[in-house]
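The values are calculated or read from the model by the stated rules, or taken from the named source; none is laboratory data. The structure presented is a predicted model; accordingly, all values stated were derived computationally and were not measured. Neighbour counts run over all protein chains shown; Cβ positions are idealised from the backbone, glycine included. What goes into the accessible areas is simple: the full protein's heavy atoms, side chains included, and nothing from ligands, DNA or RNA. Shrake-Rupley method; radii C 1.70, N 1.55, O 1.52, S 1.80 Å.
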Amino acid sequence: MVNMDADQILKEIEGYGCVSFDVFDTLLLRPYVNPDDLFRHMELHFRRKGFADERIRAERTSRSKIYKEVTLDEIYGEIDDKFKDLKDHELMFERQVLLPNPEMKAVFDEVKKSGKRILLLSDMYLPSAFLSEVLGKNGFEGYERLYVSCEHRKSKHSGELFSLALKELGIGLGETVHIGDGDVSDVKMPSKMGIKALKYPKVVDRYFSEHKREYRYYRRKKSLGRSVTVAVDALHHLNALKDNFWYELGYRYGGPVNSAFATFIERTAEKDGVL
């Protein structure tokens with residue numbers, strides 16, 4: 001297992017003919033500390049109380065019945081009828097919030113420029129057609145194949161998705177290097193199979209290790225608001241103008257202060273019957 005940043009990854013992949021990338025938390029990022037906060041965001045946005053917990057329960061139930069990777073349709077097949085209409089809205093939310101990771105976009109572009117074969121592998125319930133669309137929208141194009149666990153009923157976590165991809169494309173284990181954030185699915189399993197694995201730590205985990213105050217702020221109350229505030233700041237630090245004190249001050253504190261003041265005005269107006 002090798003745990004490294006983008007610059008180190010570029011040095012390590014020299015000599016390999018094929019580079020395999022994880023998708024979520026590697027190429028694409030969500031503006032939340034916890035992925036489940038997407039559901040809490042939807043619940044708040046659509047004013048559908050109870051949706052987040054029900055969505056989490058439905059996925060857990062579908063996985064317990066199928067014992068394999070599940071699709072979004074199968075998850076919504078288990079959800080309470082009053083929430084079934086939110087399936088398309090979930091795709092809409094994912095499409096809107098997913099962002100390219102600038103560090104890994106630079107690695108991806110360099111790999112493509114070098115002429116190496118590129119594979120994308122994801123343990124995910126979202127369909128490959130949807131992921132291809134979002135990846136393309138965010139500048140990830142020119143890869144050979146995208147393998148999604150729910151469509152093959154095989155996962156990176158078990159090693160079966162790696163085996164399937166390399167066998168179908170005629171690529172040897174020793175020719176391949178895989179990059180991702182998961183300790184088991186992206187590092188331990190491919191390493192065990194003979195694939196060189198490079199761990200790219202989650203952006204928010206790196207952020208918390210360097211920003212103890214923000215970590216304590218989030219841990220005190222794991223709310224949706226704090227999740228978004230911290231995650232957006234973590235994403236910002238990937239491209240931060242580190243030597244510009246006033247820019248950083250305005251970005252990190254001006255927005256939250258204005259937001260808090262706007263919320264205060266709104267609640268006051270509601271209380272006074274203005275709204």
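Here's the yes/no breakdown for (1) touching a residue at least 24 places away in the same chain (Cβ under 8 Å); (2) within 27 Å of Lys105 (Cβ to Cβ):
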| residue | (1), (2) |
| --- | --- |
| Leu29 | yes, yes |
| Glu43 | no, no |
| Glu59 | yes, no |
| Ser62 | no, no |
| Lys65 | no, no |
| Gly77 | no, no |
| Asp80 | yes, no |
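Restricting attention to segment 12-34 and to residues that are over 13 Å from the mean Cα position of the chain (by Cα) and of a type in the set (Asp, Glu), the residue that is farthest from Tyr125 (Cα to Cα) turns out to be Glu14. Kindly indicate whether Asp205 is of a type in the set (Asp, Glu) and touching a strand residue (DSSP E or B) at 6+ places or on another chain (Cβ under 8 Å). Considered against the rule, which asks whether it is of a type in the set (Asp, Glu) and touching a strand residue (DSSP E or B) at 6+ places or on another chain (Cβ under 8 Å), Asp205 comes out as no. Here Pro102 meets each of (1) under 17 Å from Pro127 (Cα atoms); (2) open to solvent by less than 50 Å² (accessible area, probe 1.4 Å); (3) not small (Gly, Ala, Ser) with one exception, condition (1). Each residue in segment 43-73 was checked for being within 21 Å of Ser122 (Cβ to Cβ) and open to solvent by less than 50 Å² (accessible area, probe 1.4 Å), and 9 pass. When Glu175 is tested against (1) under 26 Å from Thr71 (Cα atoms); (2) touching a residue at least 24 places away in the same chain (Cβ under 8 Å), exactly one condition is not met: (1). Scanning segment 112-133 for residues that are assigned to a helix (DSSP H, G or I), within 17 Å of Leu146 (Cα to Cα) and out of contact with any helix residue (DSSP H, G or I) (no Cβ under 8 Å at 6 or more places or on another chain) yields Lys112, Ala129, Leu131, Ser132. Among helices (runs of 4 or more DSSP H) entirely within segment 1-110, having at least 2 residues that are in contact with a strand residue (DSSP E or B) (Cβ under 8 Å, 6 or more places away or on another chain) singles out 6-12. Within segment 118-158, being open to solvent by less than 20 Å² (accessible area, probe 1.4 Å), within 16 Å of the chain's Cα centre (by Cα) and among the polar types (S, T, N, Q) holds for Ser122, Ser149.
Could you check, for segment 159-173, whether at least one of its residues is closer than 24 Å to Gln8 by Cα, open to solvent by 10 Å² or more (accessible area, probe 1.4 Å) and not in a loop (DSSP other than H, G, I, E, B)? Yes, because at least one residue in segment 159-173 is closer than 24 Å to Gln8 by Cα, open to solvent by 10 Å² or more (accessible area, probe 1.4 Å) and not in a loop (DSSP other than H, G, I, E, B). A count restricted to segment 88-106 and to residues that are of a type in the set (S, T, N, Q) and in contact (Cβ under 8 Å) with a residue 12 or more places away in the chain stands at 1.
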